[in-house]
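**Student:** Let me begin by handing over the structure; questions about it come next.
The values are calculated or read from the model by the stated rules, or taken from the named source; none is laboratory data. Treat the numbers as computed from the prediction; the structure is a model and nothing was measured. Note that we place each Cβ from the backbone using ideal geometry, even for glycine, and neighbour counts take in every protein chain shown.
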Amino acid sequence: MTLEPKILKTDILIIGGGTAGCYGALTIAENSSVEVIIAEKANIKRSGCLAAGVNAINAYINEGETPESFVDYVKRDSDGLIREDLVYTIAKRLNKVTEKIESLGLPILKDENGKYVSRGKRSIKINGENIKPILAKAVEEKQNIKILNKVNIIDYIVKEQKIIGAYGFSIEENNFYTIYAKAVICTTGGAAGIYKSNNPGFSRHKMWYSPFNTGAGYAMGIRAGAEMTSFEMRFIALRCKDTIAPTGTTAQGIGARQINGKGEDYVKKYGKPTTPMRLYSTVMENRNGEGPCYLQTVGITKEQEEELYKAYLNMAPAQTLKWIEKGVGPADENLEIEGTEPYIVGGHTSSGYWVDTDRATTIEGLYAAGDVAGGSPKKYVTGCFAEAEIASIAAMEYIAGKKLETLQDSEIDQKLREVDSFLTRAAGPYTIEQVEEAMQKVMDEYAGGISTGYIYSKKRLEIAKQRIDELVDISKTLKAQDLHQLLFIYEIIDRLDVCKALIRHLEARKETRWKCYQENADYPEKDDANFLKYVNSRYENGEFKILLREPVERDDIYEH
Amino acid sequence: MSIKIDKEKCTACGKCLKVCPGSLIYKDETNKAFIKYEKDCWGCTACLKECKAGAIKYFLGADIGGKGACLHTIQDKDLLHWFIVKPDGKEEKITINQKDANKY
Ligand SMILES: Cc1cc2nc3c(=O)[nH]c(=O)nc-3n(C[C@H](O)[C@H](O)[C@H](O)COP(=O)(O)OP(=O)(O)OC[C@H]3O[C@@H](n4cnc5c(N)ncnc54)[C@H](O)[C@@H]3O)c2cc1C
Ligand code: SF4
Ligand code: SF4
């Protein structure tokens, strides 16, 4: 089998029809007649992080808070290192985008005076089960948005150091797409499946982040030479044991405390209860033999228990199933918690494209928003919306007066042959699954995964680098029997490129800034004098060049 | 954790194939749905919610504490009924109005 080449043209190409991608397309359609193509590897109705639903709007400026206090909070929680300009421009839009999604049909809890009911300072309560179908429906109704479902994008088209489109293939029909656009917005989300997961056997995909977000946007950017930031600030979630369901609903929703095996409240022993500290303290308690750790739920009322069952069904149904299957609910048994494997997720930490205040990447014609864009942690759903709005407006301005650029047929042919080669060659020595498993094992053992308590050292990273390089070579011998296997191969190629960048970033931060997320055994202390800086990288001629960049303040307009 | 599809009940409507965020579900020779990559399921339940025939069941793998129970859903306008059927046949039902926000 080989693929049929197809050529498409549009004004703006959005890669990934998830949270940010759909919102960005909507922004463009509502403000212009600019033509948009959304290329989505699955189907926008339920693709990406929002598939099962989400439990709350976690980034909202409640009464008593301001965009400024939001930035202060994110900065504190991230140990002083964020792009304040990015977080601030998001913060100023959070409430507006929330109103927008409510107007599209998202139920938000209100009090008797019609005010949103807060869940802590920066969160409000919703029914997030249907959030993605609501968003997708709004997108589908727009005339100037063309949706290409089941099309996996594999690389940007770069011409004279400008992005002029992207290549992809359909996983349903034998089509190879060359999509030309005046500007491209990357919204492919973050990267899961880099490290060995909590449940590596039958339930290997019972993970927190979407296992179908495999870092394509990062990898395409790396290969095209875009500057990336803060990959070393990994995200590791504290989650319900086994089901990897969110803990916030229980911790914030009913105010459950974290307790160890002896019933002691342990987090405060380790310092301020920031997001990384709640995780770190749990890892340490387990290491010191004080585990397992729990959220203390025993004693809640049956009514509260019933509400928890519903809240989890609305976003992580496995947890409710587990309680009911066991016949013992949270009112009678504390909820065990654990840390997940590390993910690269710019919506929770800072990893991703290095963008200017308008969300333009360092390559002309390319914008980034959502989990794929770096520098601004704690975006969550609404932050992704806000960022998508900023990026789309900037992209619309950029394309004014621009013409489409195209390639010679021979250039397209070359890319097509590369893709076809995976379908036509004889099988190599290893299967796709074996390479994936090997990558996750290497990263787990040598680049700070669960099995080493998230800690890494230079010596270990050297081994990781060598093994990942070997796997990159092996990946070139993989054989696809069908289109889905071709997708699997590209997902591995992308993740291996992310691994390579990640290893370099981990090595370059010669301090320990974030417990668990980035704990360098060779440099166990924080070093503000040298490292209150962003670690950035650019892939050039087969090597990663590391650049340390100075902090950007909240009122700065950062330009490349 | 993964899903099972009851071929007897499947009406070959094709909706679950479309919506799975991992595109893990395919058609067999008779156009009925089956999960091709069982271990790749994320457990998002998107496919269950699409299936008007109630043919798709969701279960926890034994590795994460499953004991043989299955979950399926039936949508009735704004009401989403969740059914958990235990191995002894006992059924529990939780109904959620999708217009209601979570209390937590
Ligand atoms: C389980 C879970 C629960 C969460 N709960 C909450 C919550 O309660 N509240 C909250 O505010 N935030 C929550 N978050 C965070 C929030 O959902 C994410 O930050 C946000 O949805 C990310 O949006 P995104 O657009 O960057 O990525 P996504 O919405 O994941 O979109 C990425 C899209 O790109 C597509 N794609 C990927 N690669 C390619 C490719 N190569 N070609 C084409 N398409 C591609 C994917 O299929 C997907 O549709 C949660 C996240 C997760 C994972
Ligand atoms: S949605 Fe249900 S009825 Fe339709 S194809 Fe899938 S399993 Fe069969
Ligand atoms: S539960 Fe989700 S990931 Fe699993 S098969 Fe159904 S739609 Fe796909």
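**Student:** State the number of residues belonging to the range A:307-329 that are of a type outside the set (A, V, I, L, M) and more than 8 Å from chain B (Cβ to nearest Cβ).
**Tutor:** Looking only at that region, the number is 5.
**Student:** Does the range B:28-52 hold any residues that are within 11 Å of another protein chain (Cβ to nearest Cβ) and over 14 Å from the mean Cα position of the chain (by Cα), and which are they?
**Tutor:** B:K36, B:Y37, B:K39, B:D40, listed by residue number.
**Student:** Which ones in the range A:87-114 are in a loop (DSSP other than H, G, I, E, B) and in contact (Cβ under 8 Å) with a residue 24 or more places away in the chain?
**Tutor:** Hits for the range A:87-114 are A:K92, A:R93, A:G105, A:L106.
**Student:** If I ask for residues that are more than 13 Å from B:I56 (Cα to Cα) and either away from ligand 3 (no atom under 14 Å from the Cβ) or buried (at least 23 other Cβ atoms within 10 Å of the Cβ) (or both), which ones from the range B:28-40 would you list?
**Tutor:** B:D28, B:E29, B:T30, B:N31
**Student:** Could I ask something else about it? Hey, among A:T431, A:T424, which residue is more than 16 Å from ligand 2 (Cβ to nearest atom), more than 14 Å from chain B (Cβ to nearest Cβ) and surrounded by fewer than 20 Cβ atoms within 10 Å (Cβ to Cβ)?
**Tutor:** The unique qualifying residue is A:T424.
**Student:** Right, here's the next one. Do we have A:T282 as buried (at least 22 other Cβ atoms within 10 Å of the Cβ) and away from chain B (no Cβ under 14 Å) here?
**Tutor:** Taking the combined requirement at face value, the residue satisfies it.
**Student:** Here are A:L496, A:L486, A:L547: which of them is over 26 Å from A:A42 (Cα atoms), at pLDDT 95 or above and not in a loop (DSSP other than H, G, I, E, B)?
**Tutor:** On inspection, the qualifying residue turns out to be A:L547.
**Student:** Could I ask something else about it? Starting from residues that are crowded, with 17+ Cβ neighbours inside 10 Å and modelled with pLDDT of 95 or more, keep the ones in the range B:1-14 and report whichever is farthest from ligand 2 (Cβ to nearest atom).
**Tutor:** Of everything passing the filter in the range B:1-14, B:S2 is farthest from ligand 2 (Cβ to nearest atom).
**Student:** Which residues, counting only those in the range A:145-160, are at negative phi and either aromatic (F, W, Y) or touching a strand residue (DSSP E or B) at 6+ places or on another chain (Cβ under 8 Å) (or both)?
**Tutor:** A:I145, A:K146, A:I147, A:L148, A:V151, A:N152, A:I153, A:I154, A:D155, A:Y156, A:I157, A:V158
**Student:** Among the residues of the range A:110-128 satisfying the criterion of being surrounded by 19 or more Cβ atoms within 10 Å (Cβ to Cβ) and within 10 Å of another protein chain (Cβ to nearest Cβ), which is nearest to the chain's Cα centre (by Cα)?
**Tutor:** A:G128
**Student:** Of all residues in the range B:67-94, which are within 7 Å of chain A (Cβ to nearest Cβ) and touching a residue at least 24 places away in the same chain (Cβ under 8 Å)?
**Tutor:** B:L71
**Student:** From the list A:L106, A:L135, pick out the single residue that is in contact with a Gly (Cβ under 8 Å, 6 or more places away or on another chain), crowded, with 19+ Cβ neighbours inside 10 Å and either of a type outside the set (G, A, S) or closer than 30 Å to A:A529 by Cβ (or both).
**Tutor:** From the options A:L106, A:L135, the qualifying one is A:L106.
**Student:** How about the range B:1-19: which of its residues are free of Cβ contacts under 8 Å to residues at least 60 places away in the same chain, in contact with a Ser or Thr (Cβ under 9 Å, 6 or more places away or on another chain) and within 10 Å of ligand 3 (Cβ to nearest atom)?
**Tutor:** Hits for the range B:1-19 are B:S2, B:I3, B:L17, B:V19.
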